[in-house]
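The values are calculated or read from the model by the stated rules, or taken from the named source; none is laboratory data. Fair warning: this is a prediction, and the values are worked out from it, not measured in the lab. Quick reminder, even Gly has a Cβ in these numbers, built from the backbone with ideal geometry, and neighbours come from all protein chains shown.
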Amino acid sequence: MKPYQRQFIEFALNKQVLKFGEFTLKSGRKSPYFFNAGLFNTGRDLALLGRFYAEALVDFGYRFRSAVWSGL
């Protein structure tokens, strides 16, 4: 597991976004875990999520192009 992946899991656990136990989902299915992304609800949370997504995209080989803004 890569550092950013471990950091994301730790972040989700610390924010109690990712929980383990016995859960009944809205569909009625049983699940051993629950992920409530709605608990990522601060600017700091969103900034960290953006960083984790960016690291994952780079890890998967996505190449970012720089944007040039003109006329602003």
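Residues in region 23-46 that are within 25 Å of Pro3 (Cα to Cα) and either among the basic types (Lys, Arg) or surrounded by fewer than 10 Cβ atoms within 10 Å (Cβ to Cβ) (or both): Pro32, Gly38, Gly43, Arg44. Considering only residues in region 1-36 that are over 17 Å from the mean Cα position of the chain (by Cα) and assigned to a loop (DSSP other than H, G, I, E, B), the one that is farthest from Glu55 (Cα to Cα) turns out to be Gly28.
Looking across Ala67, Ala12, Ala54, one residue alone is small (Gly, Ala, Ser), at pLDDT 95 or above and out of contact with any Pro (no Cβ under 8 Å at 6 or more places or on another chain). It is Ala12.
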